[in-house]
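Q: Here you go, one structure.
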Amino acid sequence: MNNTIAMRRFEIVIGIEQLDQLTELLDRCAVRGYTVLKNAGGLGSRGVRDPGDVLLEQENVMVVLACKEDQAQKIVNEIRPSLKGWGGMCLISDCLWLEGPAVSY
């Protein structure tokens, strides 16, 4: 495909209480851009998290980012020990970045 760059895509789901720690970790890895989606719900190691439940105090967030392979390995090395304590999940997949007017990878 023309105008695309091979990248690695991270989808990270954690509790909102760990978001600051995750963003600090991403800063240490020199990540230049990511998206945070709040009120993520589902079933996982911490049970059911329903974003529509007004009595539920715990909230999940999903962080999505894309980076080149060398940076992806740095992120993996940094995030693996933290995820063991945080819970949640991290999915990594191959993707293509469509070049546009602004580059934030």
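Residue by residue, here is whether (1) surrounded by 14 or more Cβ atoms within 10 Å (Cβ to Cβ); (2) under 14 Å from the mean Cα position of the chain (by Cα) holds:
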| site | (1), (2) |
| --- | --- |
| Met62 | yes, yes |
| Asp70 | no, no |
| Arg80 | no, yes |
| Gly87 | yes, yes |
| Ser93 | no, yes |
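Q: Could you grab me the full set of residues in the stretch 73-97 that are closer than 20 Å to Ala30 by Cα and outside any strand (DSSP E or B)?
A: Gln73, Lys74, Ile75, Val76, Asn77, Glu78, Ile79, Arg80, Pro81, Ser82, Leu83
Q: Condition first: part of a loop (DSSP other than H, G, I, E, B) and modelled with pLDDT of 90 or more. Can you find one or more residues in the stretch 1-20 that meet it?
A: The answer is no; no qualifying residue exists.
Q: Still on this structure, I have one more. Quick check on the stretch 43-60. Is at least one of its residues more than 28 Å from Asn2 (Cα to Cα), part of a strand (DSSP E or B) and modelled with pLDDT of 95 or more?
A: No - not one qualifying residue is present in the stretch 43-60.
The values are calculated or read from the model by the stated rules, or taken from the named source; none is laboratory data. Because the structure is a prediction, the values reported are computed rather than measured. Every residue, glycine as well, gets a Cβ built from its backbone with ideal geometry; the counts of neighbours run over all protein chains shown.
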